[in-house]
1. Regarding region 261-274, can at least one residue be identified that is away from the ligand (no atom under 15 Å from the Cβ) and not hydroxyl-bearing (Ser, Thr, Tyr)?
2. Given (1) in a helix (DSSP H, G or I); (2) in contact with a helix residue (DSSP H, G or I) (Cβ under 7 Å, 6 or more places away or on another chain); (3) closer than 30 Å to residue 3 by Cα; (4) among the aliphatic types (A, V, I, L, M), where does residue 94 come up short, assuming only one miss?
3. Being surrounded by 22 or more Cβ atoms within 10 Å (Cβ to Cβ) and within 16 Å of the chain's Cα centre (by Cα) is the requirement here; does residue 217 meet it?
4. Restricting region 235-248 to residues that are part of a helix (DSSP H, G or I) and out of contact with any Phe, Trp or Tyr (no Cβ under 8 Å at 6 or more places or on another chain), which is farthest from residue 19 (Cα to Cα)?
5. Considering region 57-91 alone, what residues qualify as being among the charged types (D, E, K, R) and more than 18 Å from residue 3 (Cβ to Cβ)?
6. Check residue 215 against each of (1) outside any helix (DSSP H, G or I); (2) of a type in the set (Lys, Arg); (3) closer than 24 Å to residue 14 by Cβ and name the one condition it does not meet.
7. Filter region 23-40 down to the residues that are acidic (Asp, Glu) and farther than 20 Å from residue 5 by Cβ, then identify the one that is nearest to the ligand (Cβ to nearest atom).
8. Would you mention how many residues in region 41-99 are at negative phi, surrounded by fewer than 21 Cβ atoms within 10 Å (Cβ to Cβ), within 16 Å of the ligand (Cβ to nearest atom) and acidic (Asp, Glu)?
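Values quoted throughout were computed directly from the atomic coordinates according to the rules given, and no laboratory measurement underlies them. None of these values were measured; they are calculated from a predicted model. Positions of Cβ are backbone-derived with ideal geometry, glycine not excepted, and every protein chain shown enters the neighbour counts.
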Amino acid sequence: MTMIFKKLDDGFEIPIIGLGTWLQKNEPECINAVKSALDIGYRHIDTADIYENHGYIAKAIKGFTREKLFITTKLWKDFMDPKQVESQCDKCLMQLNLDYLDLYLIHWPDRTKPMNDIIYQMTKLKERGKVKSIGVSNFTINHLQDILHQGLKIEMNQVEFHPFLNQPELLDFCNRHAIAITAYSPIARGNVFHDPDINSISVKYKRPANQIALRWLLQKDIVAIPKATSKEHLESNFKIFDFQLDPDDMKKIDNIGFTRPKRLINPEFADFEY
Ligand SMILES: NC(=O)c1ccc[n+]([C@@H]2O[C@H](COP(=O)([O-])OP(=O)(O)OC[C@H]3O[C@@H](n4cnc5c(N)ncnc54)[C@H](OP(=O)(O)O)[C@@H]3O)[C@@H](O)[C@H]2O)c1
């Protein structure tokens, strides 16, 4: 299966499908999932400081050619201090046993903290070669506007995006400002298997619901990071490059988000406008 890459605005390329690792806290399970994913052809791993699995990922990727991997991790909200940006990045690099990150994201926005100074410090990490690209996660258009007004540049916004949370305004805004989107919870944490419209499209294409949802994202040029543990799930999520959804079916899936919207990740500290 040939992987598709998305070019970021700074010229680096991110594999359009990556492996999510949230809740992969069990060492053998996490190592197995990452190793199986690499065997299948995944080259992009998404983690975060708060997932507490950097060390397991380090073990799983040991010996693999570094340049062929794309590793993302995230600055946790407890360390939203410009003075801590570099030491937090160094901590992640040490735990992952890497000398650079492909992508470093601010995990959650926090308007009570100096976001722009933090992003400025992240741009310094780029200059020092500790990270290739920088970005944010869970940022709304308003949060992004604050950054852009300061003349700061980011390459990625990682947000919840799936058929029940279709975000065309955010996607359009990011496209206009050359900010790529990564969809987290791209198969809606399994909810796609229970939707009648997705199920009928699934029957039409003879493809499981997870592949329909991931293909819908791919055709919108959105990077997706499904989390899976078993080899069967990992393989299935990777088999999305050999079929295409018709424009009518794309629209049908677009409409699910308008008729049956559902945000799955909304912790009390989140700052979403809708
Ligand atoms: N930036 C953020 O704030 C944020 C928030 C949430 C998530 N994320 C990232 O996004 C990743 C993905 O999101 P997610 O874990 O919330 O949800 P998801 O990827 O939409 O769904 C994961 C669930 O679906 C199951 N699954 C995966 N592939 C399947 C398949 N082919 N058939 C049937 N079931 C399948 C998994 O089971 P098994 O594990 O048993 O295979 C797991 O229970 C996370 O792991 C994390 O890296 C980021």
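1. There is at least one residue in region 261-274 that is away from the ligand (no atom under 15 Å from the Cβ) and not hydroxyl-bearing (Ser, Thr, Tyr).
2. All conditions are met except number (2).
3. yes
4. So the residue we want is 248.
5. 59, 62, 74, 77, 78, 81, 83, 86, 90, 91
6. (1)
7. Per the stated criteria, the residue is 29.
8. 2
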